[in-house]
1. Out of everything in region 107-134 that is loosely packed, with under 10 Cβ neighbours inside 10 Å and in a loop (DSSP other than H, G, I, E, B), what residue ends up being modelled with the lowest pLDDT?
2. Listed residues 91, 104; which is modelled with pLDDT of 75 or more, outside any loop (DSSP other than H, G, I, E, B) and out of contact with any strand residue (DSSP E or B) (no Cβ under 7 Å at 6 or more places or on another chain)?
3. Within region 60-74, identify whether any single residue is modelled with pLDDT of 90 or more and either touching a strand residue (DSSP E or B) at 6+ places or on another chain (Cβ under 8 Å) or loosely packed, with under 12 Cβ neighbours inside 10 Å (or both), and answer yes or no.
4. How many of the residues in region 14-50 are assigned to a helix (DSSP H, G or I) and closer than 21 Å to residue 117 by Cα?
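The values are calculated or read from the model by the stated rules, or taken from the named source; none is laboratory data. Since the model is a prediction, treat every value here as computed from it, not as a measurement. All Cβ positions, glycine included, derive from the backbone under ideal geometry; neighbour counts span all protein chains shown.
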């Protein structure tokens, strides 16, 4: 199935799923470095990345990254889209990770990830129903 066909069937849900996945990796990295001196907590600007992926005219278009001629890098998230978190309380060692904030963000992110995954699964079930002729096996 071509990328355009997938975009027509799933809309932005498949791209959102990739962004939620990337965000969970970034938050997990923040949590893993909660005790690392001078570590700066990062987060994905979901709105910016999704606007780029959707081709929204208010943001710059996402450029394709081709590591080798004829290949496309599947990473839709560049390091530039990662933003630094503003700490609620500064720490003496320069670390900006607040474990409670990160855990809350991770839990919220997983809810969004599961919702996107459920929507995609629902779309697949609808397609299967249409292909099978309304439940006739």
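1. My answer is 134.
2. On the way: 91 fails: outside any loop (DSSP other than H, G, I, E, B).
Of 91, 104, the one residue that is modelled with pLDDT of 75 or more, outside any loop (DSSP other than H, G, I, E, B) and out of contact with any strand residue (DSSP E or B) (no Cβ under 7 Å at 6 or more places or on another chain) is 104.
3. Going through region 60-74, the residues modelled with pLDDT of 90 or more turn out to be none.
No.
4. First, pick out the residues of region 14-50 that are assigned to a helix (DSSP H, G or I): 14-32, 46-50.
Subset that is closer than 21 Å to residue 117 by Cα: 14-28, 46-50.
Number of matching residues: 20.
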